Amino acid sequence: MDKRIILTDKYFIARGGERDCYLHPFDSTKVVKVLYKTYGTNRDQNELEYMYLNFLEKSQVPFTHIAKCFGYADTNLGKALVFDKVFNYTGEISTSFRDMIMQGLLDYKMQDVLVKELKEYLFKNNILFVDCGLHNILVQEYEHKKYRLIVIDGLGGRRIGWRFYLYLKSKLFTKYKIKKQWYKFIDNVNLKRMQHLNNG
């Protein structure tokens, strides 16, 4: 990308654990993630995600349930990563899986179908979804009443270090970790369902 991106409050979408997410000012199909906390190279989520998504792309993994990364861009807030914007067929930004459950916008049967599809995708392609909070997944309504789950954050690891490089080298180690994190993900789904029932 040639032009320097100027990010202002006008384009702000949300704040994560260490990154802010903005609408891309001159590409309506993209978002921009920029660090607001500086941890050094060991905690740079942009660099970790960039390395991991590049690894998946070189491994010819289909990005059907992951937001595609388009590399770095210069912004007024520092170096940032550009990603596909996940939005519905109506043009609206997709809602998080967490909010869809908590607001009762998807029945349990549809939730189970989407969770099963995501599991098959992650396990088949050996994709590590480490930070498996439901806020890291969006529910994309790509056609009327047709949905898919898209992971937008939390892939590859929590920090760059020996474990992260082992995930890239050892399929066996990665498979073990994927299974372990999946159980945590299911626990998160069940917890949000219980909270929704209690709130209702």
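The values are calculated or read from the model by the stated rules, or taken from the named source; none is laboratory data. Worth saying up front: this structure is predicted, and the values here are computed from it rather than measured. Note: ideal-geometry Cβ built from the backbone for every residue, glycine included; neighbour counts use all protein chains shown. In case anyone asks, the SASA skips ligands and DNA or RNA and just uses the protein heavy atoms, side chains included. Shrake-Rupley method; radii C 1.70, N 1.55, O 1.52, S 1.80 Å.
At least 1 residues that are touching a Cys at 6+ places or on another chain (Cβ under 8 Å) and modelled with pLDDT of 95 or more in each: list the strands (runs of 3 or more DSSP E) lying fully within region 17-98 that qualify. Walk me through it before giving the result.
Numbers: elements: 19-23, 30-35, 69-75, 78-84.
It comes to 30-35, 78-84.
I'd like the full set of residues that are in contact (Cβ under 8 Å) with a residue 40 or more places away in the chain and in a helix (DSSP H, G or I), limited to region 103-131.
Those that are in contact (Cβ under 8 Å) with a residue 40 or more places away in the chain and in a helix (DSSP H, G or I): TYR108, GLN111, VAL115, GLU117, LEU118, LYS119, TYR121, LEU122, PHE123.
Scan region 153-174 and give yes if some residue there is closer than 29 Å to LYS58 by Cα, surrounded by 14 or more Cβ atoms within 10 Å (Cβ to Cβ), in contact with a helix residue (DSSP H, G or I) (Cβ under 6 Å, 6 or more places away or on another chain) and of a type in the set (S, T, N, Q), otherwise no.
Yes, region 153-174 has at least one match.
Being under 13 Å from the mean Cα position of the chain (by Cα) and either more than 13 Å from LYS179 (Cα to Cα) or open to solvent by 40 Å² or more (accessible area, probe 1.4 Å) (or both) is the filter here, so list the residues in region 121-140 that pass it.
ASP131, GLY133, LEU134, HIS135, ASN136, ILE137, LEU138, VAL139, GLN140
Would you pick out the residues in region 175-199 that are more than 16 Å from LEU122 (Cβ to Cβ) and open to solvent by less than 50 Å² (accessible area, probe 1.4 Å)?
Within region 175-199, LYS192, ARG193 meet the criteria.
Here is a yes/no grid of residues against (1) open to solvent by 40 Å² or more (accessible area, probe 1.4 Å); (2) over 30 Å from LYS169 (Cα atoms); (3) in contact (Cβ under 8 Å) with a residue 12 or more places away in the chain:
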site: ARG4; (1), (2), (3): yes, yes, yes
site: ASP20; (1), (2), (3): no, yes, yes
site: VAL34; (1), (2), (3): no, no, yes
site: ASN46; (1), (2), (3): no, no, yes
site: LYS68; (1), (2), (3): yes, no, yes
site: THR75; (1), (2), (3): no, yes, yes
site: ILE93; (1), (2), (3): yes, yes, yes
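Pick from LEU134, LEU168: which is out of contact with any Asp or Glu (no Cβ under 8 Å at 6 or more places or on another chain), of a type outside the set (Phe, Trp, Tyr) and at pLDDT below 95?
Numbers: LEU134 fails: at pLDDT below 95.
On inspection, the qualifying residue turns out to be LEU168.
Restricting attention to region 141-152, and to residues there that are part of a strand (DSSP E or B) and of a type in the set (Lys, Arg), which single residue is least open to solvent (accessible area, probe 1.4 Å)?
Per the criteria, the residue is ARG148.
Has region 99-116 got at least one residue that is among the β-branched types (Val, Ile, Thr), under 22 Å from GLU49 (Cβ atoms) and open to solvent by less than 70 Å² (accessible area, probe 1.4 Å)?
no
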